Amino acid sequence: MTAQRGKDLLIKIGDGADPENFTTVAGLRATSLDFNATTIDITNSDSADMWRELLADGVKSATVAGSGVFKDAASDAALKSAFFNQTLSHYQIVIPSFGTVAGPFKLTSLQYDGPYDGELKISLSLASAGALTFAS
């Protein structure tokens, strides 16, 4: 994979229709996607030389964060609805030249920041809420 522009990492929110249509969350300047795996410690008195033992399985999760400028009424309306209704919406996270991560996420944080001498800014955080898929 060659170097990519950070602005090409996109967050898209689904509309819940069948088939589902996705709208890019507009105006984001910074976006991140973190994958996590929680370990399950099974160390016991029979563990070899008391070295920690872990189960091969664990709890997988992903978090997504984005921040930028308020720009698009359609994506903002979808985010407001997802937050205030506390629904699990389907999102797509597009990683340029790599693939797309998709699945249900919960919008856990939605922040608007409007300094008197600057642009209206938006920040959001998503937490995975089920199995995610990856397509290249």
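Determine whether Ser97 is among the hydroxyl-bearing types (Ser, Thr, Tyr), surrounded by 14 or more Cβ atoms within 10 Å (Cβ to Cβ) and at pLDDT below 95.
Details: among the hydroxyl-bearing types (Ser, Thr, Tyr): yes; surrounded by 14 or more Cβ atoms within 10 Å (Cβ to Cβ): no; at pLDDT below 95: yes.
For Ser97, the condition - among the hydroxyl-bearing types (Ser, Thr, Tyr), surrounded by 14 or more Cβ atoms within 10 Å (Cβ to Cβ) and at pLDDT below 95 - is not met.
Quick one: is Ala82 at pLDDT 95 or above, of a type in the set (Gly, Ala, Ser) and surrounded by 15 or more Cβ atoms within 10 Å (Cβ to Cβ)? When the stated conditions are applied, Ala82 does not pass them.
When Leu54 is tested against the conditions (1) surrounded by 10 or more Cβ atoms within 10 Å (Cβ to Cβ); (2) under 26 Å from Ala17 (Cβ atoms), the lone failure is (2). If you take the residues in segment 100-124 that are within 23 Å of Ala17 (Cα to Cα) and either out of contact with any helix residue (DSSP H, G or I) (no Cβ under 8 Å at 6 or more places or on another chain) or not hydrophobic (A, V, I, L, M, F, W, C) (or both), which one is surrounded by the most Cβ atoms within 10 Å (Cβ to Cβ)? Looking at residues that are within 23 Å of Ala17 (Cα to Cα) and either out of contact with any helix residue (DSSP H, G or I) (no Cβ under 8 Å at 6 or more places or on another chain) or not hydrophobic (A, V, I, L, M, F, W, C) (or both), I get Phe105. Just one of the listed residues (Ala17, Ala62) is under 19 Å from Lys106 (Cβ atoms), of a type outside the set (Val, Ile, Thr) and either over 18 Å from the mean Cα position of the chain (by Cα) or surrounded by 10 or more Cβ atoms within 10 Å (Cβ to Cβ) (or both), and it is Ala62.
Conditions (1) within 15 Å of Ile11 (Cα to Cα); (2) of a type in the set (A, V, I, L, M), marked per residue:
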{"residue": "Phe22", "(1), (2)": "yes, no"}
{"residue": "Ala30", "(1), (2)": "yes, yes"}
{"residue": "Ala56", "(1), (2)": "no, yes"}
{"residue": "Asp72", "(1), (2)": "yes, no"}
{"residue": "Phe84", "(1), (2)": "no, no"}
{"residue": "Thr87", "(1), (2)": "no, no"}
{"residue": "Gln92", "(1), (2)": "yes, no"}
{"residue": "Glu119", "(1), (2)": "no, no"}
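In the set Ala17, Ala26, which member is assigned to a loop (DSSP other than H, G, I, E, B) and closer than 28 Å to Glu119 by Cα? Break it down stepwise before answering.
Values: Ala17 fails: closer than 28 Å to Glu119 by Cα.
Within the list Ala17, Ala26, the selection yields Ala26.
The values are calculated or read from the model by the stated rules, or taken from the named source; none is laboratory data. Predicted model only: the values in this text are computed from it and were never measured. Glycine also receives a Cβ, built like all others from the backbone with ideal geometry; neighbour counts cover every protein chain displayed.
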